[in-house]
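Working notes for the structure below.
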Amino acid sequence: MADGGSNASMNQAGRRGVSSEASLDQAGRRGVSSEASLDQAGRRGVSSEASLDQAGRRGVVALNGHFLAHPATGSGQYVSHLIGAAERLSADFSLRPFISDHTTRPQPPAFRTQPTVAPFPAAIATRRLPNDLRKVIWEQLTFPLAARRTKADCLHVPYFGSPVITQGIPTVVTIHDLIPLVMPAYVTTPLVALYNRLVSAGARAATLVLADSEASRRDIVRLLGIAPERVRTIYLGVDPHLGLHVSTHVLEAVRGKYSLPERFLLYLGGFDVRKNLTGLVDAVASLDPSTGVHLVIAGRVPHPGRRPNLFPDIRRKVIDAGLQGTVHFPGFIDEEDKAALMQLATAFVFPSTYEGFGLDPLEALQAGTPVVCANRTSLPELMGEAAIMFDPDTPGELATILGRIWRDEGLRNDLATRGPRQAARFTWEDCARLTFDAYRAAIDAHKPRSVSGRAP
(Lines give C-alpha, C1' and ligand atoms only; values in the text may rest on other atoms or scores of the structure.)
Protein backbone atom coordinates (compact mmCIF):
# COMPACT_ATOMS: atom_id res chain seq x y z
CA MET A 1 0.00 0.00 0.00
CA ALA A 2 1.24 3.32 -0.95
CA ASP A 3 0.22 6.36 0.99
CA GLY A 4 -2.32 7.02 -1.63
CA GLY A 5 -3.27 3.52 -2.79
CA SER A 6 -7.03 3.68 -3.55
CA ASN A 7 -9.33 4.83 -6.30
CA ALA A 8 -8.99 8.40 -5.04
CA SER A 9 -5.38 8.07 -4.04
CA MET A 10 -3.91 10.63 -6.39
CA ASN A 11 -6.35 13.39 -5.50
CA GLN A 12 -5.21 14.08 -1.97
CA ALA A 13 -3.16 17.15 -2.90
CA GLY A 14 -6.12 18.90 -4.45
CA ARG A 15 -8.78 18.13 -1.87
CA ARG A 16 -9.99 21.04 0.22
CA GLY A 17 -12.31 20.90 3.15
CA VAL A 18 -13.09 23.51 5.79
CA SER A 19 -11.07 24.65 8.75
CA SER A 20 -10.69 22.16 11.57
CA GLU A 21 -12.38 24.47 14.03
CA ALA A 22 -15.42 25.20 11.91
CA SER A 23 -15.95 21.88 10.18
CA LEU A 24 -17.25 19.95 13.15
CA ASP A 25 -19.34 22.85 14.39
CA GLN A 26 -21.16 22.97 11.06
CA ALA A 27 -21.82 19.25 11.26
CA GLY A 28 -23.19 19.58 14.77
CA ARG A 29 -20.63 17.20 16.18
CA ARG A 30 -18.85 17.36 19.49
CA GLY A 31 -15.67 17.59 17.64
CA VAL A 32 -12.11 18.64 17.39
CA SER A 33 -10.82 19.39 20.84
CA SER A 34 -7.82 21.52 21.65
CA GLU A 35 -4.95 20.68 23.93
CA ALA A 36 -6.42 22.99 26.56
CA SER A 37 -9.81 21.29 26.48
CA LEU A 38 -8.21 17.92 27.04
CA ASP A 39 -6.29 19.25 30.01
CA GLN A 40 -9.43 20.79 31.53
CA ALA A 41 -11.28 17.51 31.12
CA GLY A 42 -8.56 15.68 33.00
CA ARG A 43 -7.75 13.49 30.01
CA ARG A 44 -4.02 14.11 29.95
CA GLY A 45 -1.65 11.26 29.40
CA VAL A 46 0.77 10.39 32.18
CA SER A 47 4.36 9.22 32.13
CA SER A 48 5.03 5.94 30.39
CA GLU A 49 5.88 3.93 33.47
CA ALA A 50 2.97 5.21 35.53
CA SER A 51 0.36 4.99 32.78
CA LEU A 52 0.87 1.31 32.14
CA ASP A 53 1.42 0.28 35.76
CA GLN A 54 -1.46 1.95 37.56
CA ALA A 55 -4.66 -0.10 37.63
CA GLY A 56 -7.42 1.25 35.45
CA ARG A 57 -5.22 3.71 33.58
CA ARG A 58 -4.54 3.38 29.87
CA GLY A 59 -1.43 4.46 28.06
CA VAL A 60 -1.87 7.45 25.76
CA VAL A 61 -0.51 7.29 22.22
CA ALA A 62 -0.20 10.56 20.33
CA LEU A 63 -1.14 9.66 16.75
CA ASN A 64 -0.23 11.85 13.78
CA GLY A 65 -3.69 12.36 12.24
CA HIS A 66 -2.59 14.13 9.05
CA PHE A 67 -4.18 11.52 6.79
CA LEU A 68 -7.59 11.85 8.44
CA ALA A 69 -7.79 14.68 5.90
CA HIS A 70 -7.46 12.13 3.10
CA PRO A 71 -9.71 9.20 4.06
CA ALA A 72 -9.73 7.61 0.60
CA THR A 73 -5.95 7.11 0.53
CA GLY A 74 -4.22 4.00 1.79
CA SER A 75 -2.73 5.86 4.77
CA GLY A 76 -6.09 7.47 5.48
CA GLN A 77 -7.78 4.07 5.61
CA TYR A 78 -5.00 2.75 7.85
CA VAL A 79 -5.40 5.54 10.42
CA SER A 80 -9.21 5.32 10.40
CA HIS A 81 -9.28 1.54 10.80
CA LEU A 82 -6.60 1.61 13.52
CA ILE A 83 -8.59 4.13 15.57
CA GLY A 84 -11.82 2.20 15.03
CA ALA A 85 -10.25 -1.12 16.03
CA ALA A 86 -8.71 0.45 19.16
CA GLU A 87 -12.13 1.70 20.22
CA ARG A 88 -13.77 -1.69 19.62
CA LEU A 89 -11.06 -3.55 21.52
CA SER A 90 -11.06 -1.22 24.55
CA ALA A 91 -7.32 -1.78 24.62
CA ASP A 92 -4.63 -0.82 27.10
CA PHE A 93 -3.90 2.22 24.96
CA SER A 94 -5.95 5.25 24.06
CA LEU A 95 -5.13 6.64 20.61
CA ARG A 96 -5.25 10.43 20.55
CA PRO A 97 -5.04 11.73 16.96
CA PHE A 98 -3.53 15.18 16.48
CA ILE A 99 -4.12 17.42 13.47
CA SER A 100 -2.84 20.81 12.35
CA ASP A 101 -4.99 23.91 12.75
CA HIS A 102 -4.33 24.46 9.03
CA THR A 103 -5.65 21.03 8.07
CA THR A 104 -8.29 21.24 5.36
CA ARG A 105 -10.41 18.15 5.18
CA PRO A 106 -13.85 16.61 4.86
CA GLN A 107 -15.78 15.57 7.95
CA PRO A 108 -13.89 12.96 9.99
CA PRO A 109 -15.31 9.51 10.69
CA ALA A 110 -17.64 9.25 13.68
CA PHE A 111 -15.07 8.04 16.20
CA ARG A 112 -15.62 8.43 19.91
CA THR A 113 -12.09 9.85 19.97
CA GLN A 114 -12.07 13.12 18.06
CA PRO A 115 -8.88 14.78 16.80
CA THR A 116 -6.94 17.24 18.92
CA VAL A 117 -5.73 20.40 17.22
CA ALA A 118 -2.00 21.00 17.62
CA PRO A 119 -1.74 24.64 16.46
CA PHE A 120 1.27 26.25 14.85
CA PRO A 121 3.10 28.85 16.96
CA ALA A 122 1.89 32.37 16.22
CA ALA A 123 5.19 33.26 14.53
CA ILE A 124 4.52 30.56 11.94
CA ALA A 125 0.72 30.66 11.82
CA THR A 126 0.69 34.29 10.66
CA ARG A 127 3.18 33.73 7.83
CA ARG A 128 2.23 32.87 4.28
CA LEU A 129 4.10 29.61 3.77
CA PRO A 130 3.71 26.89 1.13
CA ASN A 131 1.46 24.07 2.31
CA ASP A 132 4.24 21.50 1.89
CA LEU A 133 6.53 23.51 4.16
CA ARG A 134 3.77 23.88 6.75
CA LYS A 135 3.29 20.12 6.69
CA VAL A 136 7.00 19.49 7.32
CA ILE A 137 7.13 22.01 10.19
CA TRP A 138 4.06 20.42 11.76
CA GLU A 139 5.43 16.88 11.40
CA GLN A 140 8.89 17.69 12.68
CA LEU A 141 8.18 20.26 15.42
CA THR A 142 4.57 21.09 16.23
CA PHE A 143 3.21 17.56 16.57
CA PRO A 144 6.00 16.06 18.76
CA LEU A 145 6.00 19.17 20.99
CA ALA A 146 2.22 18.90 21.42
CA ALA A 147 2.59 15.22 22.29
CA ARG A 148 5.19 16.07 24.94
CA ARG A 149 2.97 18.78 26.45
CA THR A 150 0.13 16.31 26.83
CA LYS A 151 2.55 13.79 28.38
CA ALA A 152 1.85 11.09 25.81
CA ASP A 153 3.41 7.72 26.54
CA CYS A 154 4.24 7.00 22.90
CA LEU A 155 4.30 8.76 19.55
CA HIS A 156 2.95 7.01 16.44
CA VAL A 157 3.51 8.38 12.95
CA PRO A 158 1.39 6.19 10.62
CA TYR A 159 3.28 7.04 7.42
CA PHE A 160 6.80 7.80 6.19
CA GLY A 161 7.08 11.17 7.96
CA SER A 162 8.62 10.60 11.39
CA PRO A 163 10.30 13.50 13.23
CA VAL A 164 14.06 13.50 13.55
CA ILE A 165 13.82 14.89 17.11
CA THR A 166 11.21 12.95 19.07
CA GLN A 167 11.29 15.06 22.27
CA GLY A 168 12.38 12.03 24.30
CA ILE A 169 9.12 10.17 23.63
CA PRO A 170 9.15 6.51 22.54
CA THR A 171 8.34 6.67 18.83
CA VAL A 172 6.79 4.18 16.43
CA VAL A 173 6.62 4.89 12.70
CA THR A 174 4.71 2.86 10.12
CA ILE A 175 6.37 2.81 6.70
CA HIS A 176 3.94 1.40 4.16
CA ASP A 177 6.50 1.33 1.36
CA LEU A 178 9.68 2.99 0.15
CA ILE A 179 8.48 3.87 -3.34
CA PRO A 180 10.31 7.26 -3.35
CA LEU A 181 13.60 5.47 -2.67
CA VAL A 182 13.00 2.54 -5.01
CA MET A 183 11.55 4.35 -8.04
CA PRO A 184 13.33 7.54 -9.20
CA ALA A 185 10.26 8.74 -11.14
CA TYR A 186 8.62 9.59 -7.83
CA VAL A 187 11.36 12.05 -6.85
CA THR A 188 9.93 14.91 -8.87
CA THR A 189 11.89 17.88 -7.43
CA PRO A 190 15.02 18.55 -5.34
CA LEU A 191 12.69 19.43 -2.44
CA VAL A 192 11.11 15.98 -2.62
CA ALA A 193 14.59 14.45 -2.49
CA LEU A 194 15.42 16.60 0.54
CA TYR A 195 12.19 15.57 2.27
CA ASN A 196 12.98 11.91 1.62
CA ARG A 197 16.36 12.34 3.32
CA LEU A 198 14.72 14.08 6.27
CA VAL A 199 12.07 11.43 6.90
CA SER A 200 14.62 8.66 6.35
CA ALA A 201 16.63 10.17 9.21
CA GLY A 202 13.40 10.33 11.22
CA ALA A 203 12.79 6.63 10.63
CA ARG A 204 16.30 5.81 11.85
CA ALA A 205 15.63 7.88 14.99
CA ALA A 206 12.40 6.01 15.78
CA THR A 207 12.29 3.41 18.53
CA LEU A 208 10.46 0.89 16.34
CA VAL A 209 9.49 0.76 12.67
CA LEU A 210 6.39 -1.09 11.48
CA ALA A 211 6.15 -2.54 7.96
CA ASP A 212 2.96 -3.69 6.19
CA SER A 213 4.61 -6.77 4.69
CA GLU A 214 7.80 -8.80 4.70
CA ALA A 215 8.63 -7.30 1.31
CA SER A 216 8.47 -3.79 2.78
CA ARG A 217 10.41 -4.89 5.84
CA ARG A 218 13.27 -6.13 3.66
CA ASP A 219 13.32 -2.80 1.79
CA ILE A 220 13.38 -0.84 5.06
CA VAL A 221 16.29 -2.83 6.45
CA ARG A 222 18.22 -2.69 3.17
CA LEU A 223 17.59 0.91 2.09
CA LEU A 224 17.43 2.71 5.45
CA GLY A 225 20.06 0.63 7.22
CA ILE A 226 17.83 -0.02 10.24
CA ALA A 227 18.64 -3.07 12.35
CA PRO A 228 16.25 -5.95 11.53
CA GLU A 229 15.23 -6.35 15.18
CA ARG A 230 13.86 -2.78 15.16
CA VAL A 231 11.50 -3.47 12.24
CA ARG A 232 8.28 -5.45 12.76
CA THR A 233 5.89 -6.71 10.10
CA ILE A 234 2.25 -6.06 10.94
CA TYR A 235 -0.22 -6.84 8.18
CA LEU A 236 -3.12 -4.48 7.61
CA GLY A 237 -6.74 -5.63 7.62
CA VAL A 238 -9.55 -5.96 5.10
CA ASP A 239 -12.98 -4.42 5.55
CA PRO A 240 -15.33 -7.39 6.15
CA HIS A 241 -18.38 -5.67 4.66
CA LEU A 242 -16.97 -6.28 1.18
CA GLY A 243 -17.75 -9.97 1.62
CA LEU A 244 -21.42 -9.44 2.47
CA HIS A 245 -24.00 -10.59 -0.06
CA VAL A 246 -25.25 -7.76 -2.28
CA SER A 247 -28.81 -8.08 -3.54
CA THR A 248 -29.57 -8.36 -7.24
CA HIS A 249 -31.49 -5.08 -7.05
CA VAL A 250 -28.43 -3.23 -5.69
CA LEU A 251 -26.09 -4.92 -8.17
CA GLU A 252 -28.18 -3.78 -11.11
CA ALA A 253 -28.54 -0.29 -9.67
CA VAL A 254 -24.75 0.01 -9.44
CA ARG A 255 -24.37 -1.39 -12.95
CA GLY A 256 -26.69 1.31 -14.25
CA LYS A 257 -25.13 4.08 -12.16
CA TYR A 258 -21.69 3.51 -13.71
CA SER A 259 -22.86 2.22 -17.15
CA LEU A 260 -21.08 -1.10 -16.69
CA PRO A 261 -21.18 -3.86 -19.32
CA GLU A 262 -22.77 -7.25 -18.60
CA ARG A 263 -19.36 -8.89 -18.04
CA PHE A 264 -16.06 -7.17 -17.43
CA LEU A 265 -12.58 -7.40 -15.98
CA LEU A 266 -12.05 -4.79 -13.26
CA TYR A 267 -9.12 -2.64 -12.22
CA LEU A 268 -9.57 -0.34 -9.22
CA GLY A 269 -6.66 1.63 -7.81
CA GLY A 270 -4.22 4.42 -8.58
CA PHE A 271 -2.97 5.63 -11.96
CA ASP A 272 0.73 6.22 -11.34
CA VAL A 273 3.31 4.43 -13.43
CA ARG A 274 4.01 1.56 -11.01
CA LYS A 275 0.40 0.42 -11.40
CA ASN A 276 1.36 -0.80 -14.89
CA LEU A 277 -1.95 0.12 -16.54
CA THR A 278 -0.27 0.52 -19.91
CA GLY A 279 0.76 -3.14 -19.65
CA LEU A 280 -2.84 -4.08 -18.83
CA VAL A 281 -4.18 -2.21 -21.86
CA ASP A 282 -1.54 -3.86 -24.07
CA ALA A 283 -2.64 -7.28 -22.79
CA VAL A 284 -6.30 -6.60 -23.57
CA ALA A 285 -5.37 -5.22 -26.99
CA SER A 286 -3.54 -8.45 -27.85
CA LEU A 287 -6.61 -10.63 -27.18
CA ASP A 288 -8.64 -11.92 -30.11
CA PRO A 289 -11.59 -9.49 -30.52
CA SER A 290 -13.93 -12.49 -30.70
CA THR A 291 -13.17 -13.15 -27.01
CA GLY A 292 -15.49 -10.25 -26.17
CA VAL A 293 -13.50 -9.07 -23.16
CA HIS A 294 -14.45 -5.74 -21.59
CA LEU A 295 -12.15 -3.92 -19.16
CA VAL A 296 -13.34 -1.40 -16.56
CA ILE A 297 -10.63 0.92 -15.19
CA ALA A 298 -12.24 2.54 -12.15
CA GLY A 299 -11.05 5.63 -10.31
CA ARG A 300 -10.56 9.31 -11.00
CA VAL A 301 -8.18 9.52 -13.95
CA PRO A 302 -5.48 12.23 -13.55
CA HIS A 303 -5.60 15.16 -15.93
CA PRO A 304 -3.59 14.55 -19.14
CA GLY A 305 -0.16 16.15 -19.05
CA ARG A 306 0.16 16.07 -15.27
CA ARG A 307 3.72 14.76 -14.80
CA PRO A 308 3.52 12.32 -17.74
CA ASN A 309 6.55 10.32 -16.57
CA LEU A 310 4.64 9.58 -13.35
CA PHE A 311 1.06 9.46 -14.66
CA PRO A 312 0.86 7.94 -18.16
CA ASP A 313 -2.07 9.20 -20.25
CA ILE A 314 -4.12 6.02 -20.03
CA ARG A 315 -7.07 7.39 -22.02
CA ARG A 316 -4.76 8.21 -24.93
CA LYS A 317 -3.26 4.72 -24.63
CA VAL A 318 -6.74 3.20 -24.99
CA ILE A 319 -7.53 5.36 -28.03
CA ASP A 320 -4.22 4.53 -29.71
CA ALA A 321 -4.93 0.82 -29.15
CA GLY A 322 -8.37 1.16 -30.75
CA LEU A 323 -10.14 -0.03 -27.59
CA GLN A 324 -12.65 2.79 -27.08
CA GLY A 325 -15.57 0.34 -27.05
CA THR A 326 -13.74 -2.24 -24.96
CA VAL A 327 -12.22 -0.23 -22.09
CA HIS A 328 -14.57 1.75 -19.85
CA PHE A 329 -13.80 4.58 -17.42
CA PRO A 330 -16.63 4.95 -14.87
CA GLY A 331 -14.70 7.49 -12.79
CA PHE A 332 -14.60 7.76 -9.02
CA ILE A 333 -16.39 4.92 -7.22
CA ASP A 334 -18.39 5.79 -4.12
CA GLU A 335 -17.29 3.72 -1.13
CA GLU A 336 -20.79 2.30 -0.63
CA ASP A 337 -20.72 0.94 -4.20
CA LYS A 338 -17.36 -0.84 -3.96
CA ALA A 339 -18.69 -4.22 -2.78
CA ALA A 340 -21.27 -4.33 -5.58
CA LEU A 341 -18.67 -3.32 -8.17
CA MET A 342 -16.32 -6.08 -7.03
CA GLN A 343 -19.09 -8.68 -7.05
CA LEU A 344 -20.27 -7.66 -10.52
CA ALA A 345 -16.79 -8.15 -12.01
CA THR A 346 -15.87 -11.37 -13.81
CA ALA A 347 -12.36 -10.97 -12.35
CA PHE A 348 -10.20 -8.34 -10.70
CA VAL A 349 -6.87 -7.56 -12.42
CA PHE A 350 -4.02 -5.89 -10.55
CA PRO A 351 -0.82 -5.56 -12.64
CA SER A 352 1.08 -3.31 -10.17
CA THR A 353 4.84 -3.80 -10.03
CA TYR A 354 5.35 -2.38 -6.52
CA GLU A 355 3.06 -2.53 -3.48
CA GLY A 356 3.93 -2.21 0.18
CA PHE A 357 0.59 -3.83 0.93
CA GLY A 358 -1.85 -4.79 -1.83
CA LEU A 359 -5.11 -3.68 -0.23
CA ASP A 360 -7.11 -3.48 -3.47
CA PRO A 361 -6.62 -7.13 -4.54
CA LEU A 362 -7.18 -8.28 -0.94
CA GLU A 363 -10.51 -6.47 -0.97
CA ALA A 364 -11.38 -8.28 -4.19
CA LEU A 365 -10.57 -11.61 -2.51
CA GLN A 366 -12.85 -10.63 0.37
CA ALA A 367 -15.65 -9.91 -2.11
CA GLY A 368 -15.25 -13.39 -3.65
CA THR A 369 -14.00 -11.98 -6.96
CA PRO A 370 -11.33 -14.01 -8.83
CA VAL A 371 -8.02 -12.13 -8.79
CA VAL A 372 -5.17 -11.92 -11.29
CA CYS A 373 -2.13 -9.97 -10.10
CA ALA A 374 1.58 -9.47 -10.68
CA ASN A 375 4.05 -11.61 -8.75
CA ARG A 376 5.91 -8.60 -7.39
CA THR A 377 6.90 -7.27 -3.92
CA SER A 378 4.21 -7.92 -1.27
CA LEU A 379 1.57 -9.45 -3.55
CA PRO A 380 2.68 -13.12 -3.47
CA GLU A 381 2.81 -13.21 0.34
CA LEU A 382 -0.65 -11.63 0.61
CA MET A 383 -2.42 -13.55 -2.14
CA GLY A 384 -1.08 -16.99 -1.24
CA GLU A 385 -2.76 -19.65 -3.40
CA ALA A 386 -5.94 -17.60 -3.81
CA ALA A 387 -4.97 -15.66 -6.96
CA ILE A 388 -3.39 -16.28 -10.36
CA MET A 389 -0.01 -14.58 -10.49
CA PHE A 390 1.85 -13.44 -13.59
CA ASP A 391 5.29 -12.06 -14.39
CA PRO A 392 4.87 -8.50 -15.74
CA ASP A 393 8.23 -8.79 -17.51
CA THR A 394 7.15 -11.81 -19.57
CA PRO A 395 5.49 -10.65 -22.82
CA GLY A 396 2.10 -12.21 -23.47
CA GLU A 397 1.73 -13.92 -20.08
CA LEU A 398 -0.94 -11.55 -18.77
CA ALA A 399 -2.94 -11.74 -22.00
CA THR A 400 -2.94 -15.55 -21.87
CA ILE A 401 -4.19 -15.52 -18.27
CA LEU A 402 -6.88 -12.93 -19.00
CA GLY A 403 -8.21 -15.01 -21.87
CA ARG A 404 -8.23 -18.11 -19.70
CA ILE A 405 -10.02 -16.57 -16.73
CA TRP A 406 -12.58 -14.95 -19.02
CA ARG A 407 -13.51 -18.33 -20.53
CA ASP A 408 -13.00 -20.78 -17.65
CA GLU A 409 -15.94 -20.68 -15.23
CA GLY A 410 -14.55 -23.59 -13.20
CA LEU A 411 -11.32 -21.70 -12.58
CA ARG A 412 -13.26 -18.61 -11.53
CA ASN A 413 -15.42 -20.61 -9.12
CA ASP A 414 -12.34 -22.17 -7.53
CA LEU A 415 -10.69 -18.78 -7.02
CA ALA A 416 -13.94 -17.29 -5.70
CA THR A 417 -13.98 -19.99 -3.02
CA ARG A 418 -10.34 -19.53 -2.04
CA GLY A 419 -10.42 -15.73 -1.93
CA PRO A 420 -12.53 -15.06 1.18
CA ARG A 421 -10.62 -17.70 3.15
CA GLN A 422 -7.33 -15.99 2.33
CA ALA A 423 -8.69 -12.51 3.04
CA ALA A 424 -9.98 -13.66 6.45
CA ARG A 425 -6.35 -13.92 7.60
CA PHE A 426 -6.10 -10.11 7.56
CA THR A 427 -8.19 -8.27 10.17
CA TRP A 428 -7.94 -4.77 11.58
CA GLU A 429 -8.35 -6.17 15.09
CA ASP A 430 -5.21 -8.28 14.66
CA CYS A 431 -3.41 -5.27 13.18
CA ALA A 432 -4.41 -3.15 16.19
CA ARG A 433 -3.41 -5.78 18.76
CA LEU A 434 0.04 -6.21 17.24
CA THR A 435 0.44 -2.43 16.99
CA PHE A 436 -0.35 -2.13 20.71
CA ASP A 437 2.35 -4.75 21.35
CA ALA A 438 4.74 -2.49 19.43
CA TYR A 439 3.77 0.48 21.62
CA ARG A 440 4.56 -1.58 24.73
CA ALA A 441 7.91 -2.64 23.29
CA ALA A 442 8.81 0.96 22.39
CA ILE A 443 7.89 2.19 25.87
CA ASP A 444 9.84 -0.63 27.51
CA ALA A 445 12.88 0.23 25.38
CA HIS A 446 12.86 3.75 26.88
CA LYS A 447 12.67 2.64 30.51
CA PRO A 448 15.83 3.19 32.60
CA ARG A 449 18.15 0.20 32.71
CA SER A 450 20.01 -1.10 35.72
CA VAL A 451 23.70 -1.98 35.61
CA SER A 452 22.71 -5.55 34.73
CA GLY A 453 20.88 -4.25 31.67
CA ARG A 454 17.43 -5.06 33.01
CA ALA A 455 14.68 -2.58 33.66
CA PRO A 456 14.51 -1.85 37.39
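For the condition over 20 Å from residue 60 (Cβ atoms), assigned to a helix (DSSP H, G or I), not assigned by TED's automatic domain parsing to the domain that holds residue 273 and not polar (S, T, N, Q), residue 202 qualifies. Here segment 115-158 is the region considered, the condition is being in a loop (DSSP other than H, G, I, E, B) and either basic (Lys, Arg) or surrounded by 24 or more Cβ atoms within 10 Å (Cβ to Cβ) (or both), and the residue that is modelled with the lowest pLDDT is 127.
Here's the yes/no breakdown for (1) crowded, with 24+ Cβ neighbours inside 10 Å; (2) at pLDDT 95 or above; (3) among the acidic types (Asp, Glu); (4) outside any helix (DSSP H, G or I):
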{"site": "361", "(1), (2), (3), (4)": "yes, yes, no, no"}
{"site": "373", "(1), (2), (3), (4)": "yes, yes, no, yes"}
{"site": "389", "(1), (2), (3), (4)": "no, yes, no, yes"}
{"site": "399", "(1), (2), (3), (4)": "no, yes, no, no"}
{"site": "403", "(1), (2), (3), (4)": "no, yes, no, no"}
{"site": "412", "(1), (2), (3), (4)": "no, yes, no, no"}
{"site": "416", "(1), (2), (3), (4)": "no, yes, no, no"}
{"site": "420", "(1), (2), (3), (4)": "no, yes, no, no"}
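Please specify each residue of segment 172-191 satisfying the condition of being in contact with a helix residue (DSSP H, G or I) (Cβ under 9 Å, 6 or more places away or on another chain) and either farther than 30 Å from residue 380 by Cβ or small (Gly, Ala, Ser) (or both).
To start, the set of residues in segment 172-191 that are in contact with a helix residue (DSSP H, G or I) (Cβ under 9 Å, 6 or more places away or on another chain) comprises 172-183, 185-187, 191.
Correct list: 185, 191.
Considering every residue within segment 349-364, establish whether at least one is of a type in the set (S, T, N, Q) and within 27 Å of residue 210 (Cβ to Cβ). Before the answer, list the steps.
Within segment 349-364, the first condition is being of a type in the set (S, T, N, Q), and the residues that meet it are 352-353.
Retained after the next criterion (residues that are within 27 Å of residue 210 (Cβ to Cβ)): 352-353.
Scanning segment 349-364 turns up at least one residue that is of a type in the set (S, T, N, Q) and within 27 Å of residue 210 (Cβ to Cβ).
Every condition in (1) modelled with pLDDT under 95; (2) buried (at least 21 other Cβ atoms within 10 Å of the Cβ) is met by residue 307 except one, and the failing one is (2).
Restricted to segment 375-387, and to residues there that are in contact (Cβ under 8 Å) with a residue 60 or more places away in the chain and not β-branched (Val, Ile, Thr), the residue that is surrounded by the most Cβ atoms within 10 Å (Cβ to Cβ) is 382. Against the conditions (1) more than 28 Å from the chain's Cα centre (by Cα); (2) in a helix (DSSP H, G or I), residue 242 satisfies every one except (1). Between 339, 364, 347, the distinction of being over 23 Å from residue 184 (Cα atoms) and touching a His at 6+ places or on another chain (Cβ under 7 Å) belongs to 339 only.
What number of residues within segment 343-365 satisfy the criterion of being in contact with a strand residue (DSSP E or B) (Cβ under 7 Å, 6 or more places away or on another chain) and closer than 21 Å to residue 77 by Cα?
Keep residues of segment 343-365 that are in contact with a strand residue (DSSP E or B) (Cβ under 7 Å, 6 or more places away or on another chain), which gives 345-353, 358, 360-361, 364-365.
Still in the list and also closer than 21 Å to residue 77 by Cα: 348, 350, 352, 358, 360-361, 364-365.
Result for segment 343-365: 8.
Taken together, 385, 429, 381 contain a single residue that is over 14 Å from residue 267 (Cα atoms) and assigned to a loop (DSSP other than H, G, I, E, B), which is 385.
Residue by residue, here is whether (1) crowded, with 18+ Cβ neighbours inside 10 Å; (2) touching a strand residue (DSSP E or B) at 6+ places or on another chain (Cβ under 7 Å); (3) in contact (Cβ under 8 Å) with a residue 40 or more places away in the chain holds:
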site: 179; (1), (2), (3): yes, no, yes
site: 188; (1), (2), (3): no, no, yes
site: 194; (1), (2), (3): no, no, no
site: 208; (1), (2), (3): yes, yes, yes
site: 221; (1), (2), (3): no, yes, no
site: 227; (1), (2), (3): no, no, no
site: 237; (1), (2), (3): yes, no, yes
site: 242; (1), (2), (3): yes, no, yes
site: 249; (1), (2), (3): no, no, no
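The values are calculated or read from the model by the stated rules, or taken from the named source; none is laboratory data. The structure displayed is predicted, hence computed values, not measured ones. All Cβ positions, even for glycine, are placed from backbone atoms using ideal geometry, and neighbour counts span all protein chains on display.
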